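The values are calculated or read from the model by the stated rules, or taken from the named source; none is laboratory data. Fair warning: this is a prediction, and the values are worked out from it, not measured in the lab. Please note: Cβ atoms are built from the backbone with ideal geometry, for glycine as well, and neighbour counts cover all protein chains shown. Heavy atoms of the whole protein, side chains included, go into the accessibility calculation; ligands, DNA and RNA do not. Shrake-Rupley method; radii C 1.70, N 1.55, O 1.52, S 1.80 Å.
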Amino acid sequence: MNILKEKEVGALDLSLIKKEYSNKWVALSPDYKKLIAVGDSLSDILKQSGKAEVAVMQVLPDTGYAPTSF
């Protein structure tokens, strides 16, 4: 029997990203500790980050950020 265990993830404080990169797209390392790329569009940061595994999000001015992974 194969049982998958969920990993507990603590809350991330991305407030510095919100302040500095509002209305931009950002690519972060999978552990959210390193900024890989910043751009005006999703395609910009995907080009900048190359084939690296990154966590991508659009930094929204009022609501924070909308994360996604590639």
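Being open to solvent by 40 Å² or more (accessible area, probe 1.4 Å), at pLDDT below 90 and assigned to a helix (DSSP H, G or I) is the filter here, so list the residues in region 1-57 that pass it. If the condition is that a residue be open to solvent by 40 Å² or more (accessible area, probe 1.4 Å), at pLDDT below 90 and assigned to a helix (DSSP H, G or I), then 15, 16, 18, 19, 20 are the ones that fit.
May I ask you to list the residues in region 14-36 that are touching a residue at least 12 places away in the same chain (Cβ under 8 Å) and under 13 Å from residue 52 (Cα atoms)? So that I can check it myself, show each step before the final result.
If we filter region 14-36 for residues that are touching a residue at least 12 places away in the same chain (Cβ under 8 Å), which is where we start, we get 14, 17-18, 21-30, 32, 35-36.
Scanning region 14-36 gives 27, 28, 29, 30, 35, 36.
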